[in-house]
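The structure under discussion appears below in the form of structure tokens.
The values are calculated or read from the model by the stated rules, or taken from the named source; none is laboratory data. From a predicted model like this one, the values you see are computed outputs, not experimental measurements. Heads up, the Cβs are rebuilt from the backbone with ideal geometry, glycines too, and the neighbour counts pull from every protein chain shown.
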């Protein structure tokens, strides 16, 4: 058993029979993201966020979160990312990212503009404008024209690699493809925003950002928060298996992102941009 899933005893009703059985469920635990910052002779620690996540790739999650929220901008802004041990022998749900002393980070000026799920009521033109002012520039490279046949092949490739989803049915996934249809990164999490932060964090650590040469596939719906994070990473083509929200569509148009939704079997809808 891996740390992404846990087996529990359940009762299952099937074919008019109630039996005791085993089932696998996705693990969900809190993670506190902290930053260590300041000049080398006067380092300080600040707690920034607590998120409910599936354990694993926590360093990528923290780094991706800091990047998509505009706190860090490049790989050298991070010296290290490591778990903070609180109790001996216990797994840690605290991760601390040590920022480069040269990075100008002042928590006193940090306003909490971390965009969360749509249920928290994030909406409106001001939200789009706020995100747009933080977005870094793209490399200037353009995606080649992609065939519809290539686009519709992505979900099957992603699903075949989602080992934990196949077992539990409870994880979201983000996948990054190149223009030849190769799956470069796949990250899963109970939170769709966490899965994308993990993927972007990995890409940043590998020196691949901005990601305007690649295609992002989301295993579920496309929300404003995911568009914001993808925009910060420079992604210009996003495909979602599920539906986009109205603000996601507006966000895609504002950021110049091609947005594809309902990518299932042999069909999809283009909500912004074009292939």
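Kindly indicate which of 57, 15, 104, 100 is touching a strand residue (DSSP E or B) at 6+ places or on another chain (Cβ under 8 Å) and surrounded by fewer than 19 Cβ atoms within 10 Å (Cβ to Cβ).
100
Is there a residue being closer than 22 Å to residue 220 by Cα, at pLDDT below 65 and in contact with a helix residue (DSSP H, G or I) (Cβ under 9 Å, 6 or more places away or on another chain) anywhere in the range 147-160?
No, every residue in the range 147-160 fails to be closer than 22 Å to residue 220 by Cα, at pLDDT below 65 and in contact with a helix residue (DSSP H, G or I) (Cβ under 9 Å, 6 or more places away or on another chain).
Does residue 114 qualify as being modelled with pLDDT under 80 and under 17 Å from the mean Cα position of the chain (by Cα)?
yes
Name the residue, out of 52, 90, that is exposed (fewer than 15 other Cβ atoms within 10 Å of the Cβ) and modelled with pLDDT of 65 or more.
52
Per-residue answers, yes or no, for (1) over 23 Å from residue 28 (Cβ atoms); (2) in a helix (DSSP H, G or I); (3) in contact with a strand residue (DSSP E or B) (Cβ under 7 Å, 6 or more places away or on another chain):
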residue	(1), (2), (3)
176	yes, no, yes
184	yes, no, yes
200	no, yes, no
207	yes, no, no
210	yes, no, no
235	yes, no, yes
239	yes, no, yes
248	yes, yes, yes
254	yes, yes, no
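What number of residues in the range 201-218 are surrounded by 22 or more Cβ atoms within 10 Å (Cβ to Cβ) and under 17 Å from residue 172 (Cβ atoms)?
4
Is the range 217-231 home to any residue that is under 17 Å from residue 135 (Cα atoms), without any contact (Cβ under 8 Å) to a residue 40 or more places away in the chain and assigned to a loop (DSSP other than H, G, I, E, B)?
no
If I filter the range 66-86 for residues that are touching a strand residue (DSSP E or B) at 6+ places or on another chain (Cβ under 6 Å) and over 25 Å from residue 210 (Cα atoms), do I get at least one hit?
Checking the range 66-86: at least one residue is touching a strand residue (DSSP E or B) at 6+ places or on another chain (Cβ under 6 Å) and over 25 Å from residue 210 (Cα atoms).
Go through the range 209-218 and count every residue that is over 9 Å from residue 233 (Cα atoms) and at pLDDT below 95.
Of the residues in that region, 1 qualify.
Which of the residues spanning the range 11-49 are modelled with pLDDT of 80 or more and in contact with a helix residue (DSSP H, G or I) (Cβ under 9 Å, 6 or more places away or on another chain)?
Result: 31, 33, 34, 35, 37, 44, 46, 48, 49.
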